[in-house]
Amino acid sequence: MAEQATDDLKARIERARVPEHVAIIMDGNGRWAQLHGEHRIVGHANGVRSVREALTGATEIGVRYLTLYAFSTENWNRPKEEVDALMDLLVKTVVDEITELQENSVRLNAIGDLDSLPTACRATLDDAIASTAKNERITLTLALSYSSRWEITRMVRSIAAEVKAGTLDPEKIDERTVAQHLCTHNIPDPELLIRTSGELRISNFLLWQIAYAELWFTPVLWPDFRKQHLFEAVLDYQGRERRFGKTSEQITAS
Ligand code: IPE
Ligand code: IPE
Ligand code: MG
(Lines give C-alpha, C1' and ligand atoms only; values in the text may rest on other atoms or scores of the structure.)
(Ligands and ions follow the chains in the order given, each with its own letter.)
Protein backbone atom coordinates (compact mmCIF):
# COMPACT_ATOMS: atom_id res chain seq x y z
CA MET A 1 0.00 0.00 0.00
CA ALA A 2 1.25 3.48 -0.85
CA GLU A 3 2.66 5.43 2.05
CA GLN A 4 -0.01 8.09 1.56
CA ALA A 5 -2.81 5.55 2.02
CA THR A 6 -1.18 4.26 5.23
CA ASP A 7 -0.89 7.85 6.50
CA ASP A 8 -4.57 8.45 5.66
CA LEU A 9 -5.55 5.42 7.75
CA LYS A 10 -3.36 6.66 10.59
CA ALA A 11 -4.93 10.13 10.46
CA ARG A 12 -8.40 8.60 10.94
CA ILE A 13 -7.40 6.97 14.24
CA GLU A 14 -8.84 8.75 17.27
CA ARG A 15 -5.82 9.23 19.50
CA ALA A 16 -7.77 9.44 22.74
CA ARG A 17 -9.23 5.96 22.15
CA VAL A 18 -6.18 4.02 21.00
CA PRO A 19 -6.00 0.64 22.80
CA GLU A 20 -3.41 0.75 25.55
CA HIS A 21 -2.40 -2.85 24.90
CA VAL A 22 -2.45 -4.69 21.56
CA ALA A 23 -1.57 -8.40 21.41
CA ILE A 24 -0.75 -10.22 18.18
CA ILE A 25 -0.67 -13.90 17.24
CA MET A 26 1.90 -13.74 14.44
CA ASP A 27 0.89 -16.64 12.20
CA GLY A 28 1.44 -17.77 8.62
CA ASN A 29 5.23 -17.71 8.19
CA GLY A 30 5.32 -21.30 6.95
CA ARG A 31 2.55 -20.75 4.39
CA TRP A 32 4.24 -17.54 3.21
CA ALA A 33 7.46 -19.49 2.62
CA GLN A 34 5.59 -22.21 0.75
CA LEU A 35 3.94 -19.61 -1.50
CA HIS A 36 7.38 -18.22 -2.32
CA GLY A 37 8.95 -21.65 -2.86
CA GLU A 38 11.21 -21.18 0.14
CA HIS A 39 12.05 -23.15 3.28
CA ARG A 40 9.83 -22.41 6.32
CA ILE A 41 12.67 -20.61 8.08
CA VAL A 42 12.78 -18.02 5.27
CA GLY A 43 9.20 -17.22 6.22
CA HIS A 44 10.23 -16.71 9.85
CA ALA A 45 13.14 -14.49 8.78
CA ASN A 46 10.80 -12.36 6.67
CA GLY A 47 8.49 -12.01 9.66
CA VAL A 48 11.10 -9.85 11.40
CA ARG A 49 10.27 -6.88 9.17
CA SER A 50 6.61 -7.26 10.17
CA VAL A 51 7.60 -7.15 13.85
CA ARG A 52 9.37 -3.85 13.14
CA GLU A 53 6.30 -2.52 11.29
CA ALA A 54 3.95 -3.53 14.10
CA LEU A 55 6.23 -1.98 16.71
CA THR A 56 6.79 1.34 14.93
CA GLY A 57 3.12 1.56 13.92
CA ALA A 58 2.02 0.91 17.51
CA THR A 59 4.51 3.46 18.84
CA GLU A 60 3.39 6.12 16.33
CA ILE A 61 -0.26 5.95 17.40
CA GLY A 62 0.47 5.80 21.12
CA VAL A 63 -0.06 2.13 22.01
CA ARG A 64 1.73 1.59 25.36
CA TYR A 65 1.99 -2.22 25.34
CA LEU A 66 2.54 -4.53 22.38
CA THR A 67 2.63 -8.28 23.07
CA LEU A 68 3.73 -10.70 20.37
CA TYR A 69 3.21 -14.46 20.43
CA ALA A 70 6.59 -15.57 19.10
CA PHE A 71 6.90 -19.20 20.22
CA SER A 72 4.35 -21.38 21.99
CA THR A 73 4.87 -24.27 24.41
CA GLU A 74 3.44 -26.48 21.66
CA ASN A 75 5.91 -25.13 19.08
CA TRP A 76 8.66 -27.20 20.80
CA ASN A 77 7.06 -30.16 19.01
CA ARG A 78 8.10 -28.83 15.58
CA PRO A 79 11.10 -30.41 13.77
CA LYS A 80 14.34 -29.73 15.68
CA GLU A 81 15.82 -27.93 12.69
CA GLU A 82 12.99 -25.39 12.68
CA VAL A 83 13.09 -24.90 16.48
CA ASP A 84 16.87 -24.33 16.39
CA ALA A 85 16.53 -21.87 13.51
CA LEU A 86 13.81 -19.96 15.37
CA MET A 87 15.97 -19.69 18.49
CA ASP A 88 18.94 -18.48 16.40
CA LEU A 89 16.70 -15.95 14.69
CA LEU A 90 15.51 -14.67 18.05
CA VAL A 91 19.06 -14.10 19.28
CA LYS A 92 20.13 -12.46 16.01
CA THR A 93 17.08 -10.18 15.92
CA VAL A 94 17.46 -9.02 19.52
CA VAL A 95 21.16 -8.27 18.91
CA ASP A 96 20.46 -6.48 15.60
CA GLU A 97 17.58 -4.39 16.96
CA ILE A 98 18.87 -3.35 20.36
CA THR A 99 20.12 0.10 19.22
CA GLU A 100 16.80 0.76 17.51
CA LEU A 101 14.92 -0.28 20.66
CA GLN A 102 17.00 2.13 22.74
CA GLU A 103 16.57 5.00 20.28
CA ASN A 104 12.81 4.56 20.28
CA SER A 105 12.56 4.10 24.05
CA VAL A 106 11.19 0.57 23.78
CA ARG A 107 11.22 -1.51 26.96
CA LEU A 108 11.69 -5.19 26.15
CA ASN A 109 9.89 -7.77 28.25
CA ALA A 110 9.32 -11.52 27.93
CA ILE A 111 6.70 -13.92 29.27
CA GLY A 112 6.74 -17.71 29.23
CA ASP A 113 8.88 -20.56 30.44
CA LEU A 114 12.12 -18.68 29.81
CA ASP A 115 14.15 -21.32 31.68
CA SER A 116 13.40 -23.71 28.83
CA LEU A 117 15.14 -21.50 26.25
CA PRO A 118 18.69 -22.38 25.10
CA THR A 119 21.31 -20.72 27.35
CA ALA A 120 22.62 -18.29 24.69
CA CYS A 121 19.12 -17.24 23.81
CA ARG A 122 18.18 -16.66 27.44
CA ALA A 123 21.36 -14.65 28.08
CA THR A 124 20.83 -12.35 25.07
CA LEU A 125 17.24 -11.82 26.09
CA ASP A 126 18.12 -11.07 29.74
CA ASP A 127 20.74 -8.53 28.64
CA ALA A 128 18.34 -6.77 26.30
CA ILE A 129 15.61 -6.71 28.95
CA ALA A 130 18.00 -5.27 31.54
CA SER A 131 19.43 -2.63 29.19
CA THR A 132 16.00 -1.38 28.09
CA ALA A 133 14.40 -1.50 31.55
CA LYS A 134 14.22 2.26 31.94
CA ASN A 135 12.64 2.94 28.54
CA GLU A 136 9.12 4.29 28.80
CA ARG A 137 7.52 4.89 25.43
CA ILE A 138 6.23 1.37 24.76
CA THR A 139 6.65 -2.07 26.35
CA LEU A 140 7.28 -4.83 23.83
CA THR A 141 6.52 -8.21 25.39
CA LEU A 142 7.62 -11.36 23.59
CA ALA A 143 5.70 -14.50 24.52
CA LEU A 144 8.36 -17.22 24.31
CA SER A 145 7.84 -20.83 25.23
CA TYR A 146 4.52 -19.47 26.41
CA SER A 147 1.09 -21.01 26.65
CA SER A 148 -1.84 -19.89 28.70
CA ARG A 149 -2.43 -23.31 30.27
CA TRP A 150 1.24 -23.45 31.32
CA GLU A 151 0.86 -19.96 32.85
CA ILE A 152 -2.42 -20.80 34.62
CA THR A 153 -0.99 -24.05 36.01
CA ARG A 154 2.02 -22.14 37.34
CA MET A 155 -0.29 -19.53 38.87
CA VAL A 156 -2.33 -22.22 40.69
CA ARG A 157 0.87 -23.81 41.99
CA SER A 158 2.21 -20.54 43.39
CA ILE A 159 -1.10 -19.58 45.00
CA ALA A 160 -1.32 -23.08 46.54
CA ALA A 161 2.23 -22.70 47.91
CA GLU A 162 1.34 -19.38 49.58
CA VAL A 163 -1.78 -20.92 51.11
CA LYS A 164 0.28 -23.86 52.38
CA ALA A 165 2.88 -21.51 53.86
CA GLY A 166 0.10 -19.64 55.65
CA THR A 167 0.80 -16.32 53.89
CA LEU A 168 -2.43 -16.30 51.88
CA ASP A 169 -5.97 -16.82 53.18
CA PRO A 170 -7.97 -18.89 50.61
CA GLU A 171 -11.05 -16.77 51.43
CA LYS A 172 -9.17 -13.69 50.25
CA ILE A 173 -8.34 -15.06 46.79
CA ASP A 174 -10.07 -12.93 44.18
CA GLU A 175 -9.57 -11.99 40.50
CA ARG A 176 -6.80 -9.59 41.47
CA THR A 177 -4.90 -12.37 43.26
CA VAL A 178 -5.11 -14.53 40.14
CA ALA A 179 -3.98 -11.68 37.86
CA GLN A 180 -1.07 -10.88 40.17
CA HIS A 181 0.21 -14.45 39.90
CA LEU A 182 0.25 -14.49 36.10
CA CYS A 183 3.31 -13.57 33.98
CA THR A 184 1.41 -10.44 32.91
CA HIS A 185 1.03 -9.08 36.48
CA ASN A 186 2.67 -5.79 35.45
CA ILE A 187 0.79 -5.37 32.15
CA PRO A 188 -2.84 -4.29 31.63
CA ASP A 189 -5.13 -6.72 29.77
CA PRO A 190 -5.11 -6.30 25.97
CA GLU A 191 -8.09 -4.43 24.54
CA LEU A 192 -7.32 -5.69 21.03
CA LEU A 193 -6.09 -9.10 19.87
CA ILE A 194 -4.97 -9.56 16.26
CA ARG A 195 -4.34 -12.88 14.53
CA THR A 196 -2.91 -13.13 11.04
CA SER A 197 -3.09 -15.94 8.44
CA GLY A 198 -6.84 -16.50 8.53
CA GLU A 199 -6.90 -18.99 11.41
CA LEU A 200 -9.85 -18.35 13.72
CA ARG A 201 -8.44 -19.65 16.98
CA ILE A 202 -6.53 -18.49 20.06
CA SER A 203 -3.97 -21.35 20.25
CA ASN A 204 -3.41 -21.14 24.01
CA PHE A 205 -2.59 -17.39 24.13
CA LEU A 206 -3.50 -15.11 27.08
CA LEU A 207 -6.78 -16.91 27.83
CA TRP A 208 -7.41 -15.11 31.13
CA GLN A 209 -6.22 -11.72 29.88
CA ILE A 210 -8.36 -11.58 26.70
CA ALA A 211 -11.65 -12.09 28.56
CA TYR A 212 -12.95 -8.79 27.13
CA ALA A 213 -10.52 -8.13 24.27
CA GLU A 214 -11.86 -7.28 20.83
CA LEU A 215 -10.70 -9.87 18.30
CA TRP A 216 -9.50 -8.96 14.80
CA PHE A 217 -8.62 -11.61 12.26
CA THR A 218 -6.98 -11.07 8.89
CA PRO A 219 -6.04 -13.48 6.09
CA VAL A 220 -2.75 -11.57 5.66
CA LEU A 221 0.22 -13.86 6.35
CA TRP A 222 2.56 -12.52 9.05
CA PRO A 223 5.53 -11.71 6.72
CA ASP A 224 3.14 -9.49 4.68
CA PHE A 225 1.84 -7.64 7.77
CA ARG A 226 2.49 -3.87 7.59
CA LYS A 227 1.59 -0.78 9.64
CA GLN A 228 -1.45 -0.38 7.43
CA HIS A 229 -2.92 -3.62 8.84
CA LEU A 230 -2.36 -2.52 12.42
CA PHE A 231 -4.07 0.79 11.67
CA GLU A 232 -6.99 -1.04 10.01
CA ALA A 233 -7.37 -3.21 13.12
CA VAL A 234 -7.32 -0.19 15.45
CA LEU A 235 -9.88 1.65 13.30
CA ASP A 236 -12.13 -1.40 13.34
CA TYR A 237 -11.69 -1.61 17.13
CA GLN A 238 -12.66 2.07 17.49
CA GLY A 239 -15.86 1.45 15.56
CA ARG A 240 -17.03 -1.23 18.00
CA GLU A 241 -19.11 -0.75 21.12
CA ARG A 242 -17.48 -2.41 24.12
CA ARG A 243 -20.36 -3.25 26.45
CA PHE A 244 -18.74 -5.39 29.18
CA GLY A 245 -22.07 -7.11 29.82
CA LYS A 246 -24.12 -3.92 30.00
CA THR A 247 -26.80 -2.74 27.55
CA SER A 248 -26.04 -0.40 24.69
CA GLU A 249 -28.23 2.29 26.34
CA GLN A 250 -26.17 2.13 29.54
CA ILE A 251 -22.97 2.57 27.52
CA THR A 252 -24.15 5.58 25.50
CA ALA A 253 -25.62 7.28 28.61
CA SER A 254 -22.34 7.17 30.51
C1 IPE B 1 4.01 -18.45 12.96
O2 IPE B 1 4.04 -18.96 11.67
C3 IPE B 1 5.35 -18.50 13.65
C4 IPE B 1 5.44 -19.48 14.74
C5 IPE B 1 4.45 -20.19 15.19
C6 IPE B 1 6.73 -19.64 15.38
P7 IPE B 1 3.91 -20.53 11.42
O8 IPE B 1 5.26 -21.13 11.38
O9 IPE B 1 2.94 -21.15 12.36
O10 IPE B 1 3.29 -20.52 9.94
P11 IPE B 1 2.18 -21.51 9.36
O12 IPE B 1 1.00 -21.46 10.26
O13 IPE B 1 2.81 -22.87 9.32
O14 IPE B 1 1.87 -20.96 8.00
C1 IPE C 1 0.43 -19.89 17.37
O2 IPE C 1 0.68 -20.27 16.06
C3 IPE C 1 1.72 -19.66 18.09
C4 IPE C 1 2.51 -18.53 17.62
C5 IPE C 1 2.10 -17.62 16.77
C6 IPE C 1 3.81 -18.42 18.19
P7 IPE C 1 0.67 -21.82 15.64
O8 IPE C 1 0.86 -21.86 14.17
O9 IPE C 1 1.63 -22.58 16.47
O10 IPE C 1 -0.81 -22.25 16.04
P11 IPE C 1 -1.70 -23.48 15.55
O12 IPE C 1 -0.88 -24.72 15.76
O13 IPE C 1 -2.01 -23.26 14.11
O14 IPE C 1 -2.93 -23.43 16.40
MG1 MG D 1 0.95 -21.40 12.29
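The values are calculated or read from the model by the stated rules, or taken from the named source; none is laboratory data. Only a predicted model underlies this, so the values are computations on that prediction, with no experimental measurement involved. Cβ placement follows ideal geometry from the backbone for every residue including glycine, while neighbour counts extend to all protein chains displayed. These accessible areas exclude ligands, DNA and RNA; they are computed on the full protein's heavy atoms, side chains included. Shrake-Rupley method; radii C 1.70, N 1.55, O 1.52, S 1.80 Å.
Looking at the chain as a GNM with Cα springs under 10 Å, which of R157, R31, R64 has the largest mean-square fluctuation? Among R157, R31, R64, the largest GNM mean-square fluctuation belongs to R157.
For M26, the residues whose amide H sits under 5 Å from its own are Y69, ignoring neighbours fewer than 5 places away on the same chain, with H placed 1.01 Å from N. Whole-Hz Karplus values for the stretch 56-63 come out as 5, x, 4, 5, 4, 9, x, 5 Hz, taken residue by residue from phi with 6.51 cos²θ - 1.76 cosθ + 1.60 and θ = phi - 60°; glycine and proline positions read x. Remark: the stretch 117-134, residue by residue, has Karplus-estimated 3J(HN,Hα) of 6, x, 3, 5, 5, 4, 5, 4, 5, 4, 4, 5, 5, 5, 6, 10, 4, 8 Hz, where x stands for each Gly or Pro and the curve is 6.51 cos²θ - 1.76 cosθ + 1.60 at θ = phi - 60°. For the stretch 157-249, applying the loop criterion from DSSP together with a ceiling of 11 other beta carbons within 10 Å to the GluC sites (Glu not before Pro) yields E241.
For the pair the stretch 140-195 / the stretch 14-49, the C-alpha centres are spaced 27 Å from each other. Alpha-carbon geometry of the stretch 87-165: the Rg and the Dmax are 14.8, 46 Å, given in that order. Counting protein heavy atoms only, the stretch 98-236 has 51 percent of its accessible area on carbon and sulfur, 1.4 angstrom probe. Rg over Rh for the stretch 125-254 works out to 1.02, using Cα positions for both radii and the Kirkwood form for Rh.
Just to be sure I understand: with springs between alpha-carbon atoms less than 10 Å apart, which residue in A143, A123, A165 has the highest mean-square fluctuation in the Gaussian network model of the chain? Comparing A143, A123, A165 in the GNM, the peak value goes to A165. Taking all Cα-Cα distances within the chain, those exceeding 36 Å account for 14%. A simple spin-label model places the labels of A165 and T252 5.2 nm from each other, with each point 7 Å out along Cα-to-Cβ.
Across the protein chains, with a 1.4 Å probe defining accessible surface, the residues V156, V22 rank V156, V22 from largest area downward.
Among F244, F231, F205, the residue with the largest mean-square fluctuation in a Gaussian network model of the chain, with springs joining Cα atoms closer than 10 Å, is F244. Taking 0.36 nm per residue of separation and subtracting the current Cα-Cα distance, fully stretching the chain between R154 and E74 would add 27.2 nm.
Accessible area per residue for the stretch 164-221, computed on protein heavy atoms with a 1.4 Å probe, is 56 Å². Per-residue Karplus couplings for the stretch 245-254, computed as 6.51 cos²θ - 1.76 cosθ + 1.60 with θ equal to phi - 60°, are listed in order as x, 8, 8, 4, 4, 4, 5, 6, 6, 8 Hz, Gly and Pro entered as x. Probing with 1.4 Å while keeping every protein chain in the model, the per residue accessible area of the stretch 1-156 equals 50 Å².
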